Amino acid sequence: MIKIFIVTLFLVNNLFSQNSVVQQFSDSFADVAEAAKPAVVTIITDKIMKVPNNDLYFFFNPYMDPNGEREYKTNALGSGVIVDAKKGYIITNNHVVEDMDNIKVKLFDKREYKAEIMGTDPKSDLAILKIKAENLRQLKLGNSDKLRVGEWVMAVGSPFSENLSHTVTTGIVSAKGRSNIIRGQSYEDFIQTDAAINPGNSGGALLNMKGELIGINTAIATGGYEKGNRGVGFAIPSNMSKRIMSDLIDKGYVTRSWLGVYIQPLDADAAKALDMDSRDGALVTQVVPDSPAAVGGVQEGDVIIRFDNKNISDPSNLRNIVSLMAPGSKSDVVVVREGSNKVLNVLLQELKDGKQIAVKTSSKTSILGLELKEIDNSLMKKYGIEEGDGRIVVISVDPGSEAAEKGLVEGDVIKRVGTQKVNSLKEFKKKEKASRSRGSLLLLVKKNDDSSRFITLNY
(Lines give C-alpha, C1' and ligand atoms only; values in the text may rest on other atoms or scores of the structure.)
Protein backbone atom coordinates (compact mmCIF):
# COMPACT_ATOMS: atom_id res chain seq x y z
CA MET A 1 0.00 0.00 0.00
CA ILE A 2 2.84 2.34 0.94
CA LYS A 3 4.60 1.54 -2.37
CA ILE A 4 1.44 2.39 -4.32
CA PHE A 5 1.14 5.66 -2.42
CA ILE A 6 4.76 6.57 -3.15
CA VAL A 7 4.41 5.77 -6.87
CA THR A 8 1.17 7.75 -7.06
CA LEU A 9 2.77 10.69 -5.25
CA PHE A 10 5.74 10.57 -7.63
CA LEU A 11 3.46 10.60 -10.68
CA VAL A 12 1.38 13.45 -9.32
CA ASN A 13 4.48 15.49 -8.49
CA ASN A 14 5.96 14.77 -11.90
CA LEU A 15 2.75 15.80 -13.65
CA PHE A 16 2.56 18.94 -11.54
CA SER A 17 6.16 19.74 -12.39
CA GLN A 18 5.52 19.26 -16.11
CA ASN A 19 2.46 21.46 -15.97
CA SER A 20 4.48 24.10 -14.16
CA VAL A 21 7.16 24.07 -16.88
CA VAL A 22 4.52 24.34 -19.62
CA GLN A 23 2.89 27.24 -17.78
CA GLN A 24 6.21 29.04 -17.41
CA PHE A 25 6.90 28.47 -21.10
CA SER A 26 3.48 29.85 -22.02
CA ASP A 27 3.88 32.82 -19.70
CA SER A 28 7.19 33.77 -21.29
CA PHE A 29 5.52 34.04 -24.72
CA ALA A 30 2.67 36.07 -23.28
CA ASP A 31 5.10 38.42 -21.52
CA VAL A 32 7.05 39.08 -24.74
CA ALA A 33 3.84 39.72 -26.71
CA GLU A 34 2.42 42.02 -24.04
CA ALA A 35 5.60 44.12 -23.94
CA ALA A 36 6.09 44.23 -27.72
CA LYS A 37 2.65 45.10 -29.08
CA PRO A 38 2.61 48.78 -27.98
CA ALA A 39 5.85 49.31 -29.96
CA VAL A 40 4.48 47.80 -33.19
CA VAL A 41 2.34 50.01 -35.44
CA THR A 42 -0.02 49.60 -38.37
CA ILE A 43 0.90 51.65 -41.44
CA ILE A 44 -1.96 52.68 -43.74
CA THR A 45 -1.03 54.26 -47.06
CA ASP A 46 -2.86 55.60 -50.08
CA LYS A 47 -1.98 56.87 -53.52
CA ILE A 48 -3.94 58.91 -56.06
CA MET A 49 -3.84 57.20 -59.45
CA LYS A 50 -4.67 58.92 -62.72
CA VAL A 51 -5.95 56.98 -65.72
CA PRO A 52 -7.13 58.27 -69.12
CA ASN A 53 -10.81 58.28 -69.94
CA ASN A 54 -11.70 55.65 -72.52
CA ASP A 55 -14.57 55.45 -75.01
CA LEU A 56 -16.64 53.21 -72.75
CA TYR A 57 -16.30 55.58 -69.81
CA PHE A 58 -17.36 58.50 -72.09
CA PHE A 59 -20.39 56.52 -73.24
CA PHE A 60 -21.70 56.27 -69.68
CA ASN A 61 -20.52 59.80 -68.80
CA PRO A 62 -21.21 61.91 -71.94
CA TYR A 63 -20.37 65.18 -70.17
CA MET A 64 -16.80 64.05 -69.43
CA ASP A 65 -13.85 64.85 -71.68
CA PRO A 66 -12.94 61.62 -73.53
CA ASN A 67 -9.34 62.90 -73.81
CA GLY A 68 -9.07 63.76 -70.12
CA GLU A 69 -8.11 61.80 -67.02
CA ARG A 70 -9.94 60.54 -63.97
CA GLU A 71 -8.56 59.86 -60.52
CA TYR A 72 -9.03 57.04 -58.07
CA LYS A 73 -7.41 56.19 -54.75
CA THR A 74 -5.59 52.98 -53.90
CA ASN A 75 -4.92 51.82 -50.36
CA ALA A 76 -2.27 49.55 -48.89
CA LEU A 77 -1.41 48.17 -45.48
CA GLY A 78 1.84 47.36 -43.70
CA SER A 79 3.50 47.30 -40.30
CA GLY A 80 6.30 49.13 -38.55
CA VAL A 81 8.31 49.17 -35.33
CA ILE A 82 9.00 52.14 -33.04
CA VAL A 83 12.76 52.26 -32.45
CA ASP A 84 13.03 55.70 -30.79
CA ALA A 85 10.09 56.70 -28.58
CA LYS A 86 11.37 60.20 -27.80
CA LYS A 87 11.93 61.22 -31.42
CA GLY A 88 9.07 59.19 -32.90
CA TYR A 89 11.21 57.12 -35.29
CA ILE A 90 9.65 54.05 -36.89
CA ILE A 91 11.41 51.47 -39.03
CA THR A 92 9.53 49.64 -41.78
CA ASN A 93 10.01 48.23 -45.28
CA ASN A 94 10.65 50.58 -48.18
CA HIS A 95 8.05 48.77 -50.29
CA VAL A 96 5.38 49.62 -47.68
CA VAL A 97 5.75 53.39 -48.19
CA GLU A 98 7.41 53.74 -51.61
CA ASP A 99 5.67 56.20 -53.97
CA MET A 100 2.73 56.68 -51.58
CA ASP A 101 0.99 60.06 -51.31
CA ASN A 102 -0.21 59.73 -47.73
CA ILE A 103 1.16 57.66 -44.85
CA LYS A 104 -0.80 57.17 -41.63
CA VAL A 105 0.44 55.36 -38.53
CA LYS A 106 -2.02 53.73 -36.16
CA LEU A 107 -0.77 52.83 -32.68
CA PHE A 108 -1.76 49.95 -30.43
CA ASP A 109 -3.95 52.32 -28.36
CA LYS A 110 -5.73 53.33 -31.62
CA ARG A 111 -4.19 56.81 -31.85
CA GLU A 112 -3.48 57.85 -35.44
CA TYR A 113 -0.77 60.17 -36.79
CA LYS A 114 0.41 61.37 -40.16
CA ALA A 115 3.97 60.19 -40.82
CA GLU A 116 6.82 61.78 -42.73
CA ILE A 117 9.57 59.81 -44.45
CA MET A 118 13.04 60.45 -43.00
CA GLY A 119 14.80 58.30 -45.56
CA THR A 120 14.47 55.17 -47.69
CA ASP A 121 16.88 52.50 -48.93
CA PRO A 122 15.42 50.38 -51.74
CA LYS A 123 18.57 48.22 -51.90
CA SER A 124 17.88 46.79 -48.44
CA ASP A 125 14.09 47.46 -48.53
CA LEU A 126 14.18 49.59 -45.38
CA ALA A 127 12.66 52.99 -44.58
CA ILE A 128 12.48 55.30 -41.55
CA LEU A 129 9.32 57.24 -40.69
CA LYS A 130 8.73 59.91 -38.06
CA ILE A 131 5.59 60.83 -36.14
CA LYS A 132 4.97 63.56 -33.56
CA ALA A 133 3.42 61.76 -30.60
CA GLU A 134 3.76 61.45 -26.83
CA ASN A 135 3.98 58.39 -24.59
CA LEU A 136 5.38 56.04 -27.20
CA ARG A 137 6.94 52.65 -26.49
CA GLN A 138 10.00 51.36 -28.28
CA LEU A 139 11.69 48.01 -28.77
CA LYS A 140 15.30 47.30 -27.90
CA LEU A 141 17.46 46.13 -30.81
CA GLY A 142 19.01 42.73 -30.22
CA ASN A 143 22.16 41.23 -31.73
CA SER A 144 20.99 39.19 -34.73
CA ASP A 145 24.48 37.69 -35.14
CA LYS A 146 23.92 35.72 -31.93
CA LEU A 147 20.63 34.27 -33.17
CA ARG A 148 20.73 30.47 -33.43
CA VAL A 149 18.91 28.20 -35.86
CA GLY A 150 16.16 26.43 -33.93
CA GLU A 151 15.68 29.34 -31.50
CA TRP A 152 12.10 30.40 -30.74
CA VAL A 153 10.98 33.73 -32.26
CA MET A 154 7.79 35.78 -32.36
CA ALA A 155 6.36 37.86 -35.23
CA VAL A 156 4.07 40.85 -34.58
CA GLY A 157 2.28 42.78 -37.31
CA SER A 158 -0.95 43.56 -39.14
CA PRO A 159 -1.71 40.80 -41.67
CA PHE A 160 -4.37 41.26 -44.35
CA SER A 161 -6.46 43.92 -42.63
CA GLU A 162 -6.44 46.82 -40.18
CA ASN A 163 -8.90 44.76 -38.13
CA LEU A 164 -6.19 42.14 -37.60
CA SER A 165 -3.58 44.58 -36.29
CA HIS A 166 -1.01 43.42 -33.73
CA THR A 167 -1.43 39.77 -34.58
CA VAL A 168 1.13 37.59 -32.79
CA THR A 169 2.55 34.39 -34.29
CA THR A 170 5.41 32.18 -33.11
CA GLY A 171 7.89 29.80 -34.67
CA ILE A 172 11.58 29.07 -34.84
CA VAL A 173 14.56 30.36 -36.77
CA SER A 174 14.68 28.01 -39.76
CA ALA A 175 17.92 29.34 -41.27
CA LYS A 176 20.21 32.36 -41.40
CA GLY A 177 22.01 34.18 -44.19
CA ARG A 178 19.42 33.51 -46.90
CA SER A 179 19.96 35.48 -50.14
CA ASN A 180 18.65 35.67 -53.72
CA ILE A 181 15.09 35.68 -52.38
CA ILE A 182 13.70 38.95 -53.78
CA ARG A 183 14.35 39.77 -57.44
CA GLY A 184 16.10 43.11 -57.89
CA GLN A 185 17.12 43.56 -54.26
CA SER A 186 20.83 44.22 -53.90
CA TYR A 187 21.56 43.33 -50.27
CA GLU A 188 20.02 40.25 -48.70
CA ASP A 189 21.00 38.44 -45.52
CA PHE A 190 17.62 37.17 -44.41
CA ILE A 191 16.61 35.33 -41.29
CA GLN A 192 14.25 32.54 -42.33
CA THR A 193 11.44 31.65 -39.94
CA ASP A 194 8.35 29.45 -39.90
CA ALA A 195 6.45 31.97 -37.76
CA ALA A 196 3.36 32.84 -39.81
CA ILE A 197 4.03 35.95 -41.91
CA ASN A 198 1.37 37.19 -44.33
CA PRO A 199 0.73 40.27 -46.53
CA GLY A 200 0.48 43.24 -44.16
CA ASN A 201 3.19 41.85 -41.85
CA SER A 202 5.84 43.63 -43.95
CA GLY A 203 7.81 46.00 -41.75
CA GLY A 204 6.68 44.32 -38.54
CA ALA A 205 8.77 42.91 -35.72
CA LEU A 206 10.57 39.61 -35.35
CA LEU A 207 11.48 39.15 -31.69
CA ASN A 208 13.62 36.78 -29.68
CA MET A 209 12.36 35.45 -26.37
CA LYS A 210 14.07 38.29 -24.52
CA GLY A 211 11.64 40.62 -26.28
CA GLU A 212 14.43 42.16 -28.37
CA LEU A 213 13.95 43.19 -31.99
CA ILE A 214 16.15 40.86 -34.03
CA GLY A 215 14.53 41.25 -37.46
CA ILE A 216 12.17 43.29 -39.67
CA ASN A 217 9.68 40.98 -41.40
CA THR A 218 9.81 41.61 -45.12
CA ALA A 219 8.91 38.69 -47.38
CA ILE A 220 7.15 35.36 -47.70
CA ALA A 221 7.63 32.40 -50.01
CA THR A 222 4.38 30.73 -50.98
CA GLY A 223 5.43 28.25 -53.61
CA GLY A 224 2.58 29.38 -55.82
CA TYR A 225 0.32 32.24 -56.82
CA GLU A 226 -1.53 32.43 -53.53
CA LYS A 227 -0.07 35.15 -51.30
CA GLY A 228 -0.34 33.45 -47.95
CA ASN A 229 1.82 31.85 -45.32
CA ARG A 230 3.45 28.54 -46.10
CA GLY A 231 5.85 28.44 -43.19
CA VAL A 232 8.65 30.20 -45.06
CA GLY A 233 9.07 33.84 -44.06
CA PHE A 234 12.06 36.18 -44.17
CA ALA A 235 13.25 39.04 -42.01
CA ILE A 236 16.04 41.61 -42.35
CA PRO A 237 18.50 41.09 -39.45
CA SER A 238 18.60 43.79 -36.79
CA ASN A 239 22.36 44.29 -37.19
CA MET A 240 21.88 45.22 -40.84
CA SER A 241 18.89 47.39 -39.96
CA LYS A 242 20.84 49.22 -37.22
CA ARG A 243 23.56 50.47 -39.58
CA ILE A 244 21.09 51.49 -42.30
CA MET A 245 18.75 53.13 -39.82
CA SER A 246 21.55 55.31 -38.46
CA ASP A 247 22.42 56.61 -41.95
CA LEU A 248 18.79 57.22 -42.92
CA ILE A 249 18.15 59.24 -39.76
CA ASP A 250 21.38 61.24 -39.95
CA LYS A 251 21.67 61.77 -43.71
CA GLY A 252 18.48 60.55 -45.38
CA TYR A 253 20.46 58.06 -47.47
CA VAL A 254 22.83 55.14 -46.91
CA THR A 255 26.59 55.20 -47.52
CA ARG A 256 28.17 51.87 -48.40
CA SER A 257 31.72 50.72 -48.85
CA TRP A 258 33.28 49.29 -51.99
CA LEU A 259 35.90 46.56 -52.30
CA GLY A 260 36.20 46.26 -56.10
CA VAL A 261 36.05 42.56 -56.91
CA TYR A 262 33.88 40.33 -59.05
CA ILE A 263 33.14 37.12 -57.16
CA GLN A 264 31.38 33.80 -57.53
CA PRO A 265 30.45 30.89 -55.23
CA LEU A 266 32.96 28.13 -54.64
CA ASP A 267 31.32 25.01 -56.04
CA ALA A 268 32.53 21.47 -55.44
CA ASP A 269 34.55 21.30 -58.66
CA ALA A 270 36.28 24.63 -58.05
CA ALA A 271 37.07 23.69 -54.44
CA LYS A 272 38.60 20.42 -55.62
CA ALA A 273 40.66 22.16 -58.29
CA LEU A 274 41.95 24.64 -55.69
CA ASP A 275 42.71 21.87 -53.16
CA MET A 276 40.24 23.29 -50.65
CA ASP A 277 38.38 21.11 -48.19
CA SER A 278 35.59 23.64 -47.67
CA ARG A 279 33.23 25.36 -50.08
CA ASP A 280 32.96 28.42 -47.85
CA GLY A 281 34.32 31.65 -49.25
CA ALA A 282 34.06 33.93 -52.28
CA LEU A 283 36.11 33.12 -55.38
CA VAL A 284 37.58 36.23 -57.02
CA THR A 285 37.12 36.22 -60.80
CA GLN A 286 38.20 39.79 -61.50
CA VAL A 287 39.79 42.68 -59.62
CA VAL A 288 38.85 46.23 -60.64
CA PRO A 289 41.99 48.29 -61.39
CA ASP A 290 42.88 50.90 -58.75
CA SER A 291 40.12 49.60 -56.46
CA PRO A 292 40.63 49.02 -52.70
CA ALA A 293 41.05 45.30 -53.47
CA ALA A 294 43.69 45.96 -56.16
CA VAL A 295 45.63 48.35 -53.93
CA GLY A 296 45.43 45.85 -51.07
CA GLY A 297 46.89 43.03 -53.18
CA VAL A 298 43.82 40.88 -53.89
CA GLN A 299 44.30 38.80 -57.05
CA GLU A 300 42.20 36.81 -59.48
CA GLY A 301 41.86 33.27 -58.23
CA ASP A 302 42.02 34.24 -54.56
CA VAL A 303 39.34 32.76 -52.33
CA ILE A 304 38.29 35.28 -49.67
CA ILE A 305 37.53 33.28 -46.52
CA ARG A 306 37.63 36.00 -43.83
CA PHE A 307 36.94 39.71 -43.88
CA ASP A 308 37.25 42.00 -40.87
CA ASN A 309 37.48 38.97 -38.54
CA LYS A 310 34.26 37.48 -39.95
CA ASN A 311 34.14 34.12 -41.73
CA ILE A 312 32.84 34.36 -45.30
CA SER A 313 30.31 31.71 -46.30
CA ASP A 314 29.50 32.89 -49.83
CA PRO A 315 29.62 35.97 -52.13
CA SER A 316 26.39 37.45 -50.71
CA ASN A 317 27.82 37.24 -47.21
CA LEU A 318 30.98 39.12 -48.30
CA ARG A 319 28.97 41.77 -50.17
CA ASN A 320 26.80 42.47 -47.12
CA ILE A 321 29.73 42.69 -44.72
CA VAL A 322 31.66 45.08 -46.95
CA SER A 323 28.65 47.28 -47.74
CA LEU A 324 27.78 47.84 -44.08
CA MET A 325 31.27 48.96 -43.09
CA ALA A 326 32.02 52.66 -42.95
CA PRO A 327 34.00 54.09 -45.91
CA GLY A 328 37.61 54.64 -44.84
CA SER A 329 37.64 51.50 -42.69
CA LYS A 330 40.78 49.36 -42.70
CA SER A 331 40.11 45.65 -42.74
CA ASP A 332 42.18 42.49 -42.71
CA VAL A 333 41.34 40.11 -45.54
CA VAL A 334 42.30 36.44 -45.40
CA VAL A 335 42.56 34.75 -48.81
CA VAL A 336 43.52 31.29 -49.92
CA ARG A 337 46.18 31.59 -52.63
CA GLU A 338 48.12 28.67 -54.08
CA GLY A 339 46.93 26.46 -51.24
CA SER A 340 48.08 28.76 -48.45
CA ASN A 341 46.36 31.44 -46.37
CA LYS A 342 47.55 34.98 -46.94
CA VAL A 343 46.56 38.02 -44.87
CA LEU A 344 46.02 41.27 -46.77
CA ASN A 345 44.90 44.72 -45.67
CA VAL A 346 42.46 46.91 -47.57
CA LEU A 347 41.26 50.47 -47.09
CA LEU A 348 37.59 50.59 -48.08
CA GLN A 349 36.20 53.43 -50.19
CA GLU A 350 32.66 54.77 -50.48
CA LEU A 351 30.55 53.02 -53.08
CA LYS A 352 29.38 55.38 -55.80
CA ASP A 353 26.46 54.64 -58.09
CA GLY A 354 27.49 52.46 -60.99
CA LYS A 355 30.45 50.76 -59.29
CA GLN A 356 30.54 46.98 -58.93
CA ILE A 357 30.96 45.12 -55.53
CA ALA A 358 32.83 43.16 -58.40
CA VAL A 359 51.03 36.95 -78.99
CA LYS A 360 51.39 36.42 -82.56
CA THR A 361 51.08 32.81 -83.56
CA SER A 362 48.66 30.58 -85.42
CA SER A 363 49.23 27.49 -83.34
CA LYS A 364 46.22 25.90 -81.70
CA THR A 365 45.26 23.06 -79.38
CA SER A 366 42.16 21.08 -78.41
CA ILE A 367 41.25 19.98 -74.88
CA LEU A 368 38.00 18.81 -73.25
CA GLY A 369 35.87 19.92 -76.19
CA LEU A 370 37.63 23.30 -76.61
CA GLU A 371 39.69 24.44 -79.58
CA LEU A 372 42.05 27.18 -78.46
CA LYS A 373 44.41 29.62 -80.20
CA GLU A 374 46.90 32.19 -79.10
CA ILE A 375 45.57 35.67 -79.74
CA ASP A 376 46.89 37.74 -82.64
CA ASN A 377 45.73 41.06 -84.09
CA SER A 378 43.15 39.50 -86.36
CA LEU A 379 41.59 37.53 -83.48
CA MET A 380 41.58 40.63 -81.26
CA LYS A 381 39.65 42.49 -83.94
CA LYS A 382 37.31 39.59 -84.68
CA TYR A 383 36.28 38.98 -81.05
CA GLY A 384 36.70 42.51 -79.67
CA ILE A 385 39.52 41.45 -77.35
CA GLU A 386 41.50 44.20 -75.63
CA GLU A 387 45.10 44.27 -74.45
CA GLY A 388 45.40 42.71 -71.03
CA ASP A 389 42.36 40.46 -71.41
CA GLY A 390 44.49 37.37 -71.91
CA ARG A 391 46.47 35.50 -74.55
CA ILE A 392 44.32 32.38 -75.23
CA VAL A 393 40.96 32.47 -77.01
CA VAL A 394 38.30 29.81 -77.62
CA ILE A 395 37.69 29.46 -81.37
CA SER A 396 35.24 26.55 -81.22
CA VAL A 397 33.37 24.38 -78.71
CA ASP A 398 32.19 20.81 -79.17
CA PRO A 399 28.35 21.04 -78.88
CA GLY A 400 28.15 17.81 -76.87
CA SER A 401 30.96 18.62 -74.44
CA GLU A 402 30.87 19.64 -70.79
CA ALA A 403 32.45 22.93 -71.87
CA ALA A 404 29.36 23.73 -73.94
CA GLU A 405 27.05 22.72 -71.07
CA LYS A 406 28.86 25.12 -68.74
CA GLY A 407 28.50 28.04 -71.13
CA LEU A 408 31.86 28.30 -72.87
CA VAL A 409 31.49 29.81 -76.33
CA GLU A 410 33.59 30.99 -79.24
CA GLY A 411 35.37 34.23 -78.37
CA ASP A 412 35.81 33.50 -74.67
CA VAL A 413 39.28 34.38 -73.43
CA ILE A 414 41.18 32.04 -71.09
CA LYS A 415 42.91 34.26 -68.52
CA ARG A 416 44.11 31.71 -65.97
CA VAL A 417 44.50 27.99 -65.42
CA GLY A 418 43.76 27.54 -61.75
CA THR A 419 45.09 30.71 -60.17
CA GLN A 420 48.01 31.18 -62.56
CA LYS A 421 48.08 33.39 -65.64
CA VAL A 422 48.81 31.83 -69.03
CA ASN A 423 50.57 33.82 -71.76
CA SER A 424 50.98 31.13 -74.39
CA LEU A 425 49.61 27.81 -75.50
CA LYS A 426 52.84 26.21 -74.29
CA GLU A 427 52.15 27.49 -70.76
CA PHE A 428 48.52 26.43 -71.04
CA LYS A 429 49.43 22.87 -72.02
CA LYS A 430 51.93 22.59 -69.18
CA LYS A 431 49.49 23.81 -66.53
CA GLU A 432 46.63 21.76 -68.01
CA LYS A 433 48.77 18.61 -67.80
CA ALA A 434 49.54 19.33 -64.15
CA SER A 435 45.79 19.62 -63.43
CA ARG A 436 44.98 16.12 -64.65
CA SER A 437 46.04 14.52 -61.37
CA ARG A 438 43.26 16.48 -59.63
CA GLY A 439 40.68 15.17 -62.10
CA SER A 440 39.50 18.63 -63.14
CA LEU A 441 40.65 21.77 -64.96
CA LEU A 442 39.82 25.18 -63.44
CA LEU A 443 39.71 28.05 -65.95
CA LEU A 444 39.20 31.77 -65.43
CA VAL A 445 37.27 32.91 -68.48
CA LYS A 446 36.54 36.45 -69.69
CA LYS A 447 33.19 36.62 -71.47
CA ASN A 448 32.05 38.95 -74.25
CA ASP A 449 30.12 41.09 -71.76
CA ASP A 450 33.43 41.87 -69.97
CA SER A 451 32.53 39.71 -66.98
CA SER A 452 34.92 37.02 -65.75
CA ARG A 453 34.03 33.65 -64.28
CA PHE A 454 35.79 30.50 -63.08
CA ILE A 455 34.60 27.38 -64.87
CA THR A 456 35.60 23.82 -63.93
CA LEU A 457 35.88 21.05 -66.54
CA ASN A 458 36.20 17.44 -65.44
CA TYR A 459 38.43 14.85 -67.11
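Here are some notes:
- Answer residue from segment 390-432, given it is in a helix (DSSP H, G or I) and small (G, A, S) and is surrounded by the fewest Cβ atoms within 10 Å (Cβ to Cβ) among those: A404
- In segment 264-278, residue nearest to S329 (Cα to Cα) [restricted to those that are of a type outside the set (A, V, I, L, M, F, W, C) and buried (at least 17 other Cβ atoms within 10 Å of the Cβ)]: Q264
- Of the residues making up segment 319-353, those that are among the β-branched types (V, I, T) and outside any strand (DSSP E or B) are I321, V322.
- Residue match in segment 333-351 (condition: at pLDDT below 85 and of a type in the set (V, I, T)): no
- Output for segment 137-148, where each listed residue is touching a helix residue (DSSP H, G or I) at 6+ places or on another chain (Cβ under 8 Å) and assigned to a loop (DSSP other than H, G, I, E, B): R137, Q138, L139, G142, N143
- For segment 249-263, the tally of residues that are farther than 20 Å from L348 by Cα and either polar (S, T, N, Q) or surrounded by 23 or more Cβ atoms within 10 Å (Cβ to Cβ) (or both) stands at 0.
- Output for segment 285-301, where each listed residue is within 16 Å of N341 (Cα to Cα) and among the charged types (D, E, K, R): E300
- Condition check for I305: farther than 22 Å from D450 by Cα, assigned to a helix (DSSP H, G or I) and of a type in the set (A, V, I, L, M): no
- Residue among G203, G171 that is out of contact with any Cys (no Cβ under 9 Å at 6 or more places or on another chain), among the small types (G, A, S) and over 13 Å from V40 (Cβ atoms): G171
- Against the criterion of being over 30 Å from E402 (Cα atoms) and either modelled with pLDDT of 90 or more or in a loop (DSSP other than H, G, I, E, B) (or both), N229 qualifies.
- Every test in (1) at pLDDT 85 or above; (2) aliphatic (A, V, I, L, M); (3) within 16 Å of S202 (Cα to Cα) is passed by I182 save one, and that test is (1).
The values are calculated or read from the model by the stated rules, or taken from the named source; none is laboratory data. Model, not experiment: these values are computed from the prediction. With ideal geometry, Cβ positions are generated from the backbone for all residues, glycine too; neighbour counts draw on all protein chains shown.
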